[in-house]
Every structure is written in C-alpha cells, then in structure tokens.
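The values are calculated or read from the model by the stated rules, or taken from the named source; none is laboratory data. Everything numeric in this text was worked out from a predicted model, so none of it was measured. Ideal geometry is used to build each Cβ from the backbone, glycine not excepted, and the neighbour counts take in all protein chains shown.
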C-alpha cells in the first residue's frame, strides 16, 4: 500500500509538471491555422507559420486575427476580452492596433502584420505562463516522508526488542517471537498510508458536489493557505455579456418609443450591444418599429430609415463628434459615465430621442461570496483590464475596497509577485487568456469553468459552476481537508508513540511476560481502531459547512473529465 501511494504521488507530480506544456498548447489553439495574405491583386490563403512581419492580412467578420498588426484598410470592432479584459468590443479603424487571437467583428479589414509567431502579445502571455509554472516550488508531502521510513524503523524496533529481551531479559524464544509479532501488529502503517488519501478522497468528492475540482494534493495545500484573493472582473465577478442598464427618453417621448426604435435598428445585428437591446425589449415586451435601409456603421453604430426619416443608434463619442445636441440627456449621460457604463444615443432626423446605457452586472452570488471571504479573514482585491470608472463601480457595488484597473497580463503577474513578497499567500481567480499567467504565478489559481481552455489548464482549481461564489467554498474545503490530514497524521504518530513502547515490553516489569498472552490481540484491535478513527475523521468532511448562503444551483449533470 505504501509503495503504491508513493508511486501515485510521484505520478501526480509528473502530471503537475506537464501542465505548463498543456496550457501552452491550448494557447496555440486560440490562433487560426491559416491566414489570408494580400499578394498584389490576389488574396492568398497561407499557413499561419508562413505569415511574416510586413504582410498585409485580410480578415473576414467573425475570424480571429492571426498576428499583431495595424489596420490599414476598413473598419470593424474587435473582441479583446480574453486578451485584455476589456468587456466591450473595441472599435478598430485605420491606424488602430489589433492583437493576435482577438475576434473580428462585422467588418472586413486589412492589417499590416507587425508581430508574428513568438513576437505577438499572445506569445508573451505564453512565456509568462511558462516562467510562472517553472518557478513553482513543490510542497513536501509529510505523509510520504513518514511512510518511507516507518516500516523499516518498526522492523528494527521489533527485532531489537525481541533480541534484547531474549538475550538480556530472560525471555524464552517463544516470548521473544511474540514480542516481535506484537510490535509488528501494533504498529499501524495503514493509518499513515490512508491519513492523506482518505481525507483527500472524501474532500474532493464533496468539492465535486459543490462544483469544485482540485488538481491533486498540491492544489489543496496551496488553496488552504490563501489569505488574499486577487480576481479578474469581466466574466468572473460580472456577467461577461453586457445588459441594458437604463432607458431614458427626451421630454415628449417615451421609453417604449426609444426602445422600440432601437430594437428596430438592432434587430438584424449580431453585435454584443445589439443583443443586449433585443434582450431588454423582450423583457419589457416591446415590439420593434419597422426600420428600412438598415446598415451598420462598423464601430460607430447602426443607421436606417423609419417612415422616410433617418434614424440611428450611435455610440456616445460618435454622437458628440457629429454635433448632436445632447443637452436633454446630459443628466443620464453623467450618471452613466460616473457608473462606468457605456452609452448610446437613439437619434431621429438628427435630434436625440433617448439614451441607452450598458453595464456588466455582477454575477449571481458574487456579493455574498465576497462577504463570506471577508468573514473568513481573506481580503478580495479586483484586478482588471477594464476602464477605471467601470472597475470602480463594480468594486463599490460588491464592497471591494481595493482594485487595480487597466492592467495588462504582465502587470497582473507583477501584482501577484508584489503581494507574495509582502508575505501574502495569493489565490488568483480568472477566466481569460489574459489571466493565464497570473493564475500560474499565484500560490493557487482558480479558473472559472466557462473561461478559456488556457485559463483552465493554468489554474489548479476549476470552478465548474462558472461562478465566483465557488471561491470561498473551495478555500474552506481546502482548509478542512488539510486540517483533517494533519489531525490524521497527529493521531497516527501519537498512537504509535504510546503503544509501540508497550508492545516492545514496557509492561513486563509490572506484569511479567504473561502479558503477551493477550497483548498481540489488543495490539491488532488497536491497529484497527487507529485506521477506523482516521477514516471517520476524514468522513466528517461530508458535513463541513462550505457556504454561508445556499449554492446558486445544484449540479445534477456529470462533471467534465
């Protein structure tokens, strides 16, 4: 049993060392296998590895950018949320920088490649991930160290005790043999052998029921020590897709008119903000106005005609650039900007009709989870690539006192290092490619289940329910498992320290050698009791309280492999 457990532990260590390679492989899978390169008057598809700096790459709607570059023709939006943490699509026109791995919006653009292969932003994230993985110091397994020396030590004690009483204590050969057998029986290598795996087996089973998957004992130990949680915002604390926050109308118009007109314009669009408008109209049961000649002005808004009158939904900055008088909506605009919300203006015949604001709402259960972490003595610090105003609003709404906004992946890793140097044991929670290196650099990384495969490979704990509410539950379970492992080992050590001297003959001066008529039987019973106690203590993890509030939703489906 002991040899099997030691080999199993070594195998788990081998798997852990291989995680960096798996995560890097997932990083490469983000990029498209090929790209369309402009060669004179032709557009030629070439393998990704043949794209060179200076090549002019054409990208169609919905595709992933194959290289870092500068837009030289066309305009679009780019979804960079998995790379930078920016929650909304970013407008891209001539002169704008694009990143390999980000998703093109609805426009066709041509990009001059400035970074390919190992020189891309994505590749830098990969190097950070590798460095963070290689810098880990494996934790020593106390149980393995004890088990490795326990059996030979007990055999030496048994031989020494039997020979000592036989040669110097007047014991017969039969009694000496009984002393050897009693010491061997009373010693309990089983208690050492199952002290760790029993607690881990029960604890990880309970964790799976809560939607939490640990990757080996090392992750459990690391999670048990965390006293500071650094967390991403978009897709972690908040819902990744934006929703409509408020609908405002100018005097003389109604919110229903504003939403109906916006829905008519956006009904054919796949833009993330268009989907938010349609969802809001469905929720309010507002029917769209029929709009004709609808066309998207990529990165700026959508335009059309209603009853031969030009209408549009414009981004706030573009409405200002076109000189539209926004005075009637000024109060709503100021409130939206103070809350870090994006906003758009619904325009009819060059005049504003109303205002739509967009927000990333906190995910279900996040507020109580932050409170639970605080009650457990663990501070939560938000680290996001999003705008300062948006980050401040989310932090205030969730009661998070410290946050860092507009951070790059490199800065996230640097923050992890800063907090660790201050003496903190850092847990990092994230879901995107931009979080992968920080997940690997932290003492323990907790990856959101709906995040990218790269983040899930880099994290040591996977939250299957895809919700930050699992973070305090994971840390509580980890602490419970480690406490029971320590108690199990303490019991096993204490049991052997007390009973082995008795088995070796400590009672002979009081009761003589006749005690060995029954001592082997009691030794065997005590050995069984020791193992049973360890198992029962481990089973108590089934009833540990991991949440102060009910879980968001129970897991009934089979957990992913």
Residue by residue through segment 287-338, note down the ones that are surrounded by fewer than 20 Cβ atoms within 10 Å (Cβ to Cβ) and part of a loop (DSSP other than H, G, I, E, B). 287, 288, 289, 290, 307, 308, 322, 323, 324, 325, 326
For segment 492-511, enumerate the residues that are surrounded by fewer than 18 Cβ atoms within 10 Å (Cβ to Cβ) and either in a helix (DSSP H, G or I) or modelled with pLDDT of 85 or more (or both). 493, 494, 497, 498, 501, 506, 509, 510, 511
Could you list, in sequence order, the residues of segment 233-244 that are more than 27 Å from residue 423 (Cβ to Cβ), in contact with a helix residue (DSSP H, G or I) (Cβ under 8 Å, 6 or more places away or on another chain) and in a loop (DSSP other than H, G, I, E, B)? 235, 240, 241, 242
Residue pairs within 9 Å by beta carbon, gap of at least six or interchain, first lying in segment 217-241 and at positive phi, second assigned to a strand (DSSP E or B), listed first then second, are 235/430; 235/448
In segment 421-440, is there at least one residue being free of Cβ contacts under 8 Å to residues at least 40 places away in the same chain, in contact with a helix residue (DSSP H, G or I) (Cβ under 8 Å, 6 or more places away or on another chain) and within 28 Å of residue 547 (Cβ to Cβ)? yes
Under 18 Å from residue 491 (Cα atoms), part of a helix (DSSP H, G or I) and either touching a residue at least 40 places away in the same chain (Cβ under 8 Å) or not assigned by TED's automatic domain parsing to the domain that holds residue 522 (or both) - does that describe any residue in segment 154-162? yes
Any idea which residue in segment 263-285 is surrounded by the most Cβ atoms within 10 Å (Cβ to Cβ), counting only those that are more than 36 Å from the chain's Cα centre (by Cα) and closer than 18 Å to residue 311 by Cα? 265
Qualifying positions in segment 252-262 - touching a residue at least 24 places away in the same chain (Cβ under 8 Å), surrounded by fewer than 22 Cβ atoms within 10 Å (Cβ to Cβ) and either on the phi > 0 side of the Ramachandran plot or not in a loop (DSSP other than H, G, I, E, B) (or both): 255, 256, 257, 260
Per the filter on segment 225-251, residues crowded, with 21+ Cβ neighbours inside 10 Å and within 17 Å of residue 471 (Cβ to Cβ) are 226, 228, 229, 230, 231, 232, 233, 234, 235, 236, 237, 238
Check residue 331 against each of (1) in contact with a helix residue (DSSP H, G or I) (Cβ under 9 Å, 6 or more places away or on another chain); (2) free of Cβ contacts under 8 Å to residues at least 12 places away in the same chain and name the one condition it does not meet. (1)
Out of all the residues in segment 96-115, which are under 13 Å from residue 58 (Cβ atoms), in contact (Cβ under 8 Å) with a residue 40 or more places away in the chain and within 31 Å of the chain's Cα centre (by Cα)? 104
Total residues in segment 201-216, condition more than 25 Å from residue 364 (Cβ to Cβ) and touching a helix residue (DSSP H, G or I) at 6+ places or on another chain (Cβ under 6 Å): 3
One residue from 466, 514, 530 being at pLDDT below 85 and more than 48 Å from the chain's Cα centre (by Cα): 514
